[in-house]
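Each remark here refers to the structure printed beneath this line.
The values are calculated or read from the model by the stated rules, or taken from the named source; none is laboratory data. Not measured: the values here are computed from a predicted model. Backbone-built Cβ (ideal geometry, glycine too); neighbour counts: all protein chains shown. Heads up: the accessible areas ignore ligands, DNA and RNA and are worked out on the full protein's heavy atoms, side chains in. Shrake-Rupley method; radii C 1.70, N 1.55, O 1.52, S 1.80 Å.
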Amino acid sequence: MGGEIPVVGSVVMGRHGAIVVRQKSEYTIELGDLLVIDHVDGGRSILQVYDLVYGSQLSGKNLELLSGMKLEGFTEDLGLIDPNLRNYILVYVKSVANVTKNGIRIPKTLPSFMSEVRSIKEEDLVFTKPAKPIFLGKVRSGSKVLNINLYLDGDKMFRHHVLIPSTTGRGKSNLVKVMLWSALEQGHFGILVLDPHDEYYGRHEKGLKDHPKSKERLVYYSPTPPPGAKTLIVNLESIEPSHFDGIVTFTEAQEEAIHAYYNRFHRQWIEKIVRGEPIDTVSPKTLTVLRRKLDHILGVYLDNNTGQIQCRNKIFSDSIGQHTVRDIVDALEKGKIVVIDTSRLLDQAELLIGSIIANTIFYRYQQYKSEGVLGDKPTISIVVEEAPRVLGIDVLQNVGDNIYSIIAREGRKFKVGLTAITQLTSVIPREILANMNTKIILGNELASERAAIISSAAQDLSTDDKNISSLDIGEAIVSSNFTKFAIPIKIPDFNELAGPAQPQGKKEKIGFV
């Protein structure tokens, strides 16, 4: 974007947060465009467009008359009206940042009346790259992509939770792949990915396995692992009654029975229930229902012909897989990304596996804090697809708190965060949304969902309803406690990002901290 940047408009009226700019006739300004007003002291104001309207010096009735004349073929006298002076476009903008020699400041004043407004240039937004950067995309002005990479501090971002809201087909999975690719490059974060569609590793297409550092920093578990991956088998003794909290609903009698078996048999409690071993305090009817319920959730049952416990989905076992959970948590603690293929599991079994691992992580990190060694450990994030399954209002009211909601509320104190992906922001409690300090907002056509996103954003997005609804595939707005203002970005196509390595040696223009 070399050369002189043209003036595209002039400030004509407005108020703080709603400045009106008249667009110069030969230029086109878009929703979401970033514009700049230069100050005499060398600073500048950065503006963002949130609405466009027609303006005219002619009354509405005259415009209707002239339009009718043109439609009906009476065009001889219309040339007397200079369209560039009498008719124009008014651009509504908000001032999102003031750039001074001392850094970025939140705007508290209005620009001078009749100030000239120009397009943004790359030099307007060059900032320091954080020490542990996570790449999200390139800064975008409307539909124009600037050659400025946007990085957020990974420690802060992951520790304080990330929400990725959008409707289907706007690029949520692509964004997560881009973030994980960047995290693989760093090696500073442990990230657990519960993958219900088996799309992140890249078994049959380009994926995280293609990263140059995947062999040392990526671990993949699957019921049917490819060469080099690990088999997902969890021993039944790894499961505790608390792992079902907020995931599965049990009656009071069933709860009492579960705890009776756990207190009597400890780590063998599931095996004893599946085998139907009676105890005095549990009725045969309750035991029968529990056996059927565990079969439905875990797929485990007693083979009457062999007397052996079998698993329909081959994920759970009473004889092997004793170290699976420990190995996964150890890998996360070493700053690795662990992808778990749960595509063959029902929702409850998938979330239960996540609950087992998340509980182990959370309480291990709690212990580290009490011992005073937490500062030496990497931040861990848990990626949860379709987050309302565990964070939805109905789920938490009907089933109760689970480890995911506990992490959402308390995890930042122990360097454990969530990366929650959802189509339905509105069904997640406001308290949890408020704790998710970074929101990477993709396109959303539903007004109710946009309202929920806007009301919980880190910055004031009250005028961004149209911007969010007009976001195209791969376009996003990053609203974070760790940026001075909400930043529009274009997320790269993962397949292009994961392509051949780019030539080295060029100076990189980088984004915001």
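Odds and ends about this structure:
- Accessible area (Å², per residue) of the chain, counting only protein heavy atoms and a probe of 1.4 Å: 47 Å²
- Alpha-carbon centroids, the stretch 429-497 and the stretch 272-320: separation in whole Å: 46 Å
- Within the stretch 9-49: backbone nitrogen closer than 20 Å to the Leu85 label point (7 Å, Cα to C-beta): 9-12, 22-27
- Three-way shape call for the chain based on the alpha-carbon gyration tensor, with the a/c threshold at 1.5: prolate
- Between Ser370 and Asn304, the simple spin-label model (points 7 angstrom out along Cα→Cβ) gives 4.7 nm.
- The helix-based estimate of mean residue ellipticity at 222 nm for the chain, built from -39,500 (n - 2.57) per DSSP H run of four or more residues and divided by its residue count, is -8500 deg cm²/dmol to the nearest 500.
- Net charge contributed by nearby residues that have their C-beta within less than 13 Å of Asp153 (K/R +1, D/E -1): +3
- Calculated FRET efficiency for the pair Thr249/Lys334, C-beta based, R₀ 35 Å, to 0.05: 0.45
- When the solvent-accessible area of the chain is split by element, carbon and sulfur atoms take up 50 percent of it, the probe being 1.4 Å.
- Cα gyration tensor shape of the stretch 310-373, rounded if a/c is under 1.5, else prolate or oblate by comparing a/b with b/c: prolate
- Placing +1 on the Cβ of every Lys and Arg and -1 on the Cβ of every Asp and Glu, with nothing else charged, gives the stretch 8-120 a dipole about its Cα centre of roughly 680 debye.
- Per residue, the average separation of C-alpha pairs within less than 8 Å and at least 6 apart gives the chain a relative contact order of 20 percent.
- Pairs from the list Lys121/Lys213; Lys138/Lys206; Lys132/Lys490; Lys101/Lys369 with a Cα-Cα gap above 28 Å: Lys121/Lys213; Lys101/Lys369.
- For the pair Leu52 and Ile406, the difference between a 0.36 nm per residue extended length and the Cα-Cα distance amounts to 123.1 nm.
- Euclidean distance between Cα centres, the stretch 106-182 to the stretch 215-258, Å: 36 Å
- Over the stretch 358-425, the ratio between the Cα radius of gyration and 2.2 N^0.38 Å evaluates to 1.19.
- Length gained when the stretch Arg312-His39 is fully extended (0.36 nm per residue, less Cα-Cα span): 91.3 nm
- Ordering Ile134, Leu446, Met13 by Cα displacement along the dipole of the chain toward the positive end leaves Ile134 in first place; charges were set at the Cβ atoms of Lys, Arg (+1) and Asp, Glu (-1).
- With q set to 0.08 Å⁻¹, the log10 of I(q)/I(0) for the stretch 334-486, from the Debye formula over equal scatterers at the Cα positions, is -0.26.
- The dipole here belongs to the chain: it is taken about the Cα centre, uses +1 on the Cβ of Lys and Arg and -1 on the Cβ of Asp and Glu, and is about 1160 debye.
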